[in-house]
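One structure is given below, encoded as structure tokens.
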């Protein structure tokens, strides 16, 4: 039990009132928390705190004689995730590494800070880096901030806690480097997009984000060289971008 907070929420169980504050590892208040109180025995109340994308915390609150009001500050841990840094061919980048401290990220996001040598990433653009959920094979990046620290790029990425909840135990931070694209890997991405498109029947977030990743990181020629038929959503996106480039070129020539 710690000092009370103006952000604490009161919960009632019998004659007892418990003010509960729930924070993450960076000491940020977590939105959308769910707190349940159970009477364990005559001298203990169980406080269960849960939030999307966090590990549930169970705390045994000791009850003191003639004390009916309590203040409690709980911290929820992140679910265990292994994060690997790879290039667009799913090859590990040995010189790159990640940190999972949550400082500087909102509490409803899961933050990943990746460091990659500047010489290994010729195009330091947000569109050239992605967070992939290995279980579903889809992009999960929600935000991206890139800064340079000496010979490294510091890339602060985040995904929503809801996406983290449904992700598998492993995540990939994928950088588009200068290495030639491997047809087999591109085919896997296209096949996944094809499956998502067929199952959804209409454009959804996963379909849109994967199509944007493919269009932004691989040329139309590379995508056409595979044995996978071009999904309609990707074909439409490529056509739109091509038409935009043509109009931009025509306007530049006219002026």
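The values are calculated or read from the model by the stated rules, or taken from the named source; none is laboratory data. Here the structure is a predicted model, which is why all the values come from computation and not from measurement. Heads up, the Cβs are rebuilt from the backbone with ideal geometry, glycines too, and the neighbour counts pull from every protein chain shown.
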Go through the residues of the stretch 174-181 one by one and say whether even a single one is part of a strand (DSSP E or B) and under 19 Å from residue 90 (Cβ atoms).
-> yes
Could you say which residue among 235, 229 is farther than 20 Å from residue 180 by Cα, modelled with pLDDT of 75 or more and in a loop (DSSP other than H, G, I, E, B)?
-> 229
Restricted to the stretch 172-184, and to residues that are under 18 Å from residue 96 (Cβ atoms) and out of contact with any helix residue (DSSP H, G or I) (no Cβ under 9 Å at 6 or more places or on another chain), which residue is surrounded by the most Cβ atoms within 10 Å (Cβ to Cβ)?
-> 173
Of the residues in the stretch 136-159, those that are assigned to a strand (DSSP E or B) and in contact with a helix residue (DSSP H, G or I) (Cβ under 7 Å, 6 or more places away or on another chain) come to 138, 139, 144, 146, 148, 152, 153
Exclusive hit being in contact (Cβ under 8 Å) with a residue 40 or more places away in the chain and surrounded by fewer than 12 Cβ atoms within 10 Å (Cβ to Cβ), set 80, 92 = 80
Matching strands (runs of 3 or more DSSP E) fully within the stretch 1-120 where at least 1 residues are farther than 27 Å from residue 134 by Cβ | 9-13, 16-23, 34-41, 44-50, 57-62, 69-75
Here are some residues: 171, 164. Which one is in a strand (DSSP E or B) and under 15 Å from residue 83 (Cα atoms)?
-> 171
Within the stretch 195-224, restricting to residues that are in a loop (DSSP other than H, G, I, E, B) and either farther than 26 Å from residue 173 by Cβ or assigned by TED's automatic domain parsing to the domain that holds residue 126 (or both), the one that is modelled with the highest pLDDT is 201
The stretch 109-135, residues that are surrounded by fewer than 20 Cβ atoms within 10 Å (Cβ to Cβ) and touching a helix residue (DSSP H, G or I) at 6+ places or on another chain (Cβ under 6 Å) = 127
